[in-house]
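Undergrad: Structure in structure tokens, see below.
The values are calculated or read from the model by the stated rules, or taken from the named source; none is laboratory data. The structure displayed is predicted, hence computed values, not measured ones. Glycine gets a Cβ as well: all are built from the backbone with ideal geometry, and neighbour counts include every protein chain shown. Calculation scope for accessible area: heavy atoms of the full protein, side chains included, ligands and nucleic acids excluded. Shrake-Rupley method; radii C 1.70, N 1.55, O 1.52, S 1.80 Å.
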Amino acid sequence: MASVRDTTKTSADAPGIPGPVGGGADALPPTGAPRSRGTRSTRSRGSGWGPRLELVLLIGPALLVFVAFVIFPVVLAAYYGFFSWSGYGPAVDFVGFRNYIVILTDPDFIEALGHNGFIAIMSLVLQGPVAIALALLLNRKMRFQSLIRVLIFVPYVISEVVVGIGWSLMLQSSGSVNGMLDKLGLGAFATDWLSDPSIAIWTLLVIITWKYVGFAVILFLAGLQGVPEELSDAAAIDGASYWQTQRYIVLPLLGPTVRIWAFLSIIGSLQLFDLVWIIWGQYVASTAGTSTMATYMVANGRNAGSYGYGNAVAVVLFLISLIVALVYQRFVLRRDTAGALTGGKL
């Protein structure tokens, strides 16, 4: 009876019978053997024009739309910003950087820029804690959970025109808010919510919080779905309370979602226009202390018949938003985007 070693050797030496895996030199293909044609054809297909053409066909339409409706208008606005142009006929009155110098030295624009900055900061301060608290509450099993989520999100999907008109009717001197205060015996607190410069900006913040907090809540609820329940269960087994679990486990893991929401809120605050324009209008916004860079642009550009100046304001607003976005991405979102690129580098 042949031993196992003899059987293995015989099968390896026999012609046409493959040897054992990893059997040394006998398992290797002979030197000079031709390469597989399938490998060569696959490699030629991968480096040919097929994938490149497919990439162009997929990206091309979106890129054309982006260039036509984003890049080109910005370049055109920058061009007209160097002219004193009324909007009719060719722009021939070249003024150089005069429009930009007037913008940056105009006290009204500086005031509007301050309002945008104040709204951006206070929106984070007011909406953030409220949205996180509501998201943590709605993330637990409770009765009418879906209905409450819908009711919180409804203000966000309502048109800004409807929201602006509705709040302006309720908050005027003879509106329902002051009427309700009178009925409750709190008539001393009735005031001019829209025209008083010391209150109007806070009124705007309340309206913004009411409208946009639902978006933050839905965004945070989506982020909470990515927090593993096993971590909370393990913390509970170790004796951690509910609030300790939320503070030391859930909220740190929710950090990337919070930072993305904060970025969207800041950019939206810098470009705020519709609610202010609908509620306060062109003239009341400046006297009530609620003007923004966008309302300044429309009031001093299109409505004043100075389209060149208005385009210059649009360019300044674009540059401010771009700088804020780049700085925020560089110092705040870097830790979230570092792993998304090859090598973990930005």
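Undergrad: Whole number please: convex hull volume per residue, Cα atoms of the range 199-316, in Å³.
TA: Numbers: hull volume 13.8 nm³, N = 118.
Per-residue hull volume (Cα only) is 117 Å³.
Undergrad: May I pose another question? Could you give the size of the charge dipole of the range 108-217 about its Cα centre, using +1 on the Cβ of each K and R and -1 on the Cβ of each D and E, expressed in debye and rounded to the nearest 20?
TA: Numbers: 6 positive and 6 negative charges, 179 e Å.
Magnitude of the dipole: close to 860 debye.
Undergrad: What is the packing order of peptides 81-87, 317-323, taking the mean over residues of other C-beta atoms within 10 Å and listing the highest first?
TA: Values: 81-87: 19.0, 317-323: 15.3.
Highest-to-lowest ranking by the protection proxy: 81-87, 317-323.
Undergrad: Give me the mean projected area, in nm² to one decimal, of the convex hull enclosing the Cα positions of the range 221-270. The partial results should precede the final answer.
TA: Details: hull surface 14.8 nm².
Taking a quarter of the hull surface, the average projection is 3.7 nm².
Undergrad: Further question: Ranked highest first by average number of other Cβ atoms within 10 Å, how do 155-168, 213-226 line up? Before the final figure, lay out the partial values.
TA: Values: 155-168: 14.8, 213-226: 18.2.
With the highest mean Cβ count within 10 Å placed first, the list reads 213-226, 155-168.
Undergrad: For the range 139-272, I need the span (max minus min coordinate) of the C-alpha atoms along each principal axis, in Å, sorted largest to smallest.
TA: That gives 57, 37, 28 Å along the principal axes, largest extent first.
Undergrad: Then there is this: May I ask you to order 68-80, 52-64 by the average number of other C-beta atoms within 10 Å around their residues, highest value first? Working shown, then result.
TA: Values: 68-80: 13.1, 52-64: 10.1.
Order by mean packing, descending: 68-80, 52-64.
Undergrad: Still on this structure, I have one more. Could you list which residues have their amide H under 5 Å from that of Phe83, counting only those 5 or more apart in sequence or on another chain, with H placed in the peptide plane?
TA: Result for Phe83 returns Val95.
Undergrad: Can I ask one more? Running Debye on the range 141-213 with equal point scatterers at the Cα sites and no solvent, what base-10 log of I(q)/I(0) appears at q = 0.12, 0.23, 0.27 Å⁻¹?
TA: Rounded to two decimals, the profile gives -0.43, -1.03, -1.17.
Undergrad: Per Stokes-Einstein, at 20 °C and 1.002 mPa s, what whole-number D in µm² s⁻¹ belongs to the range 178-255, with the Kirkwood radius over Cα pairs as the hydrodynamic radius?
TA: Values: Rh = 16.3 Å.
It diffuses with D of about 132 µm²/s by this estimate.
Undergrad: Can you report the principal axis dimensions of the range 57-179 using only the alpha carbons, biggest first, rounded to whole angstrom?
TA: 66, 54, 26
Undergrad: When the Karplus curve 6.51 cos²θ - 1.76 cosθ + 1.60 is applied with θ = phi - 60°, which whole-Hz ³J(HN,Hα) does each residue of the range 321-336 get, with x for Gly and Pro?
TA: Taking θ as phi minus 60°, the curve returns 5, 5, 5, 4, 5, 5, 5, 5, 5, 5, 10, 10, 8, 4, 5, 8 Hz for the range 321-336.
Undergrad: I'd like the accessible area for Trp210: 1.4 Å probe, protein heavy atoms, all chains in place, Å² to the nearest 10.
TA: Counting only protein heavy atoms, Trp210 exposes about 100 Å² to solvent.
Undergrad: Could I ask something else about it? Give me the distance between the Cα centres of the range 57-89 and the range 214-229, rounded to whole Å.
TA: 37
Undergrad: Can you list the HN-Hα couplings for the range 291-298, worked out from phi with the Karplus curve (6.51, -1.76, 1.60; θ = phi - 60°), rounded to whole Hz and with x for Gly and Pro?
TA: Each residue's phi maps through the Karplus curve to give 5, 10, 4, 5, 5, 4, 4, 5 Hz.
Undergrad: Also, quick follow-up: Given charges of +1 on the Cβ of Lys and Arg and -1 on the Cβ of Asp and Glu, with all other atoms neutral, how large is the dipole of the range 165-255 about its Cα centre, in debye to the nearest 20?
TA: On the way: 3 positive and 7 negative charges, 57 e Å.
Dipole size: approximately 280 debye.
Undergrad: What order do Lys141, Lys183, Lys211 take when sorted by accessible area (1.4 Å probe), most exposed first?
TA: Values: Lys141 205, Lys183 180, Lys211 0 Å².
In descending accessible area the options line up as Lys141, Lys183, Lys211.
Undergrad: Could I ask something else about it? Each residue of the range 58-66 in turn: what ³J(HN,Hα) in whole Hz from Karplus with 6.51, -1.76, 1.60 and θ = phi - 60°, glycine and Pro shown as x?
TA: Running phi through 6.51 cos²θ - 1.76 cosθ + 1.60 with θ = phi - 60° gives 7, 8, x, x, 5, 5, 5, 5, 5 Hz.
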